[in-house]
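**Q** Provided herewith is a single structure, encoded as structure tokens, for subsequent inquiry.
Since every read-out is calculated from the coordinates, none of them should be taken as a lab result. Here the structure is a predicted model, which means the values were calculated and not measured. Here Cβ is always computed from backbone atoms with ideal geometry, including for glycine, and neighbour counts include all displayed protein chains.
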């Protein structure tokens, strides 16, 4: 049942909301980075004046027999290798957030992001494009871990769920934004594909036309015209200006750097861990509504800092933190070894299992097949359909922000996974039944996107910042983020082969099974964290 008690909003809470939204620029650029391939790939592959990928047709610029589609390996590499950069970034994010802070890591990530976008917009070589794409992935990996950590540590307990969901809301907004930018920057341009007729071009990409229909030779004059050298007719169609799309990404990255530099504070947890208690208290006073909240949280943060210090606690530690313990604190082991000790092992496993569930639930496949599903349902313009689907995802992720601290994480996860299991089963039936009935595809797609957006999309990132104990939070979050991006890369790499082996219907039945298994895992093992302090959450696992 929904919790009718609404979280109180005071001046400190409002500032916490503002800081979370500013930090949300990071995941917005993250989403823009991931979504860039959708509006840009077609132009990068087929624009006559500005293509950078190798076009797929090899028969004198034509496909052997229509319909041929576009299947450039370059496009696949550009889309998938960002995951490699994300994996590197996630691996670096743990040490970075522990050494230069959460704010410092966000600042640091914005610089290579900016440079990578400029490089993508300016490069004339495929090798340069790939290098820039991997660099943008590294920045994405760092930010995908640092921002949820920052938001979790700045947010008051009563708003931590809603503000944590801002991260995924910003990601989906970034993807939607790049779709809109790509649509605005579209214009009719000639392509690299030679043609004989508009019907042939329409078989390559729906809506394309031939720039000049080949004339029929009916007399001597026509024969002379046909024998004279003329520029070959080519397919024409709507293509986005992919270089401008990249420059918009550079502008967003610059905005992130400026906002983080001028407006974001450092996480109080990081400051206390570094011995800067006075600054931590000053920032907590800004983002909490009462002095009692500040005192309670400072006591908890100081206790965590002492537990990470040498055992027994010496006077220098007490002087450093301003806290004197009556008894020596028990040392808490950090680093990778610390992930396997009692009290850490189980929350770490939960965080990782939720990341596995997110990637193996089928979201990438649903997005991959969304164009096919929309065409099968009778929609003539799959690009507009994609915009509508992304708008639904943004809207429903926004709804999850409102529900997170009312319904709770656990119930939203179970509702999400059950809805996704039903939707995946219906999609399997649709494909097994020869893509019939058409309405079933559209209903299933919308149900899947709504269900994912309500729970499995935002909650794994939110819980990552909640259930990991403070002394291993950065390390555990880094490993969980690395796992997420590694699985994303594997799914992207092998999905087409798996779908070919077990059929499209079979692969969606697999996804339905994964969602069902994840539902059972959440039901049995994932505790509710709504309304609990970090100390109370840690006590659940001790």
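**Q** By how many degrees, 0 to 90 and rounded to 10, does the Cα axis of helix 277-287 deviate from the longest principal axis of the chain?
**A** 60 degrees
**Q** Relative to the longest principal axis of the C-alpha atoms of the chain, give the angle of the C-alpha long axis of helix 101-122, reported between 0 and 90° and rounded to the nearest 10°.
**A** 10 degrees
**Q** So, one more: Going by a ≥ b ≥ c, the root eigenvalues of the Cα gyration tensor, does region 248-313 fall in the rounded group (a/c under 1.5), the prolate group (a/b larger than b/c) or the oblate group?
**A** oblate
**Q** What does the convex hull of the Cα atoms of region 333-437 come to per residue, in Å³, rounded to a whole number?
**A** That works out to 146 Å³ per residue.
**Q** If you don't mind, another one. Restricting attention to the alpha-carbon atoms of region 88-202, what are Rg (one decimal) and Dmax (integer), both in Å?
**A** Here Rg and the maximum Cα pair distance are 19.5, 65 Å.
**Q** Here is a follow-up. Which three extents, in whole angstrom, do the alpha-carbon atoms of region 335-542 cover along their principal axes, largest first?
**A** Here the spans come out as 54, 36, 28 Å, largest first.
**Q** Next question. Give the separation of the Cα centroids, region 140-215 to region 494-508, in Å.
**A** 25 Å
**Q** Over the chain, with a single point scatterer placed on each C-alpha, what log10 of the ratio I(q)/I(0) does the Debye formula yield at q = 0.07, 0.10 1/Å?
**A** Debye curve over Cα of the chain, log10 I(q)/I(0) at q = 0.07, 0.10 Å⁻¹: -0.44, -0.82.
**Q** Over the chain, what is the mean sequence separation of C-alpha contacts under 8 Å (at least six apart), divided by residue count, expressed as relative contact order in percent? It would help to have the intermediate numbers written out before the result.
**A** Details: 931 pairs, mean separation 117.6, N = 542.
Normalised by residue count, the contact order of the chain is 22 percent.
**Q** Fewest first, what order do 346, 485, 119 take by the number of other Cβ atoms within 10 Å?
**A** 346, 119, 485
**Q** Strictly greater than 16 Å: what percent of every Cα pair in region 464-532 meets that?
**A** 67 percent
**Q** Rounded, prolate or oblate: which one fits region 379-420, using the alpha carbon gyration tensor with axes a ≥ b ≥ c (rounded when a/c is under 1.5, else prolate when a/b beats b/c, else oblate)?
**A** Oblate, since a/c reaches 1.5 and b/c is not below a/b.
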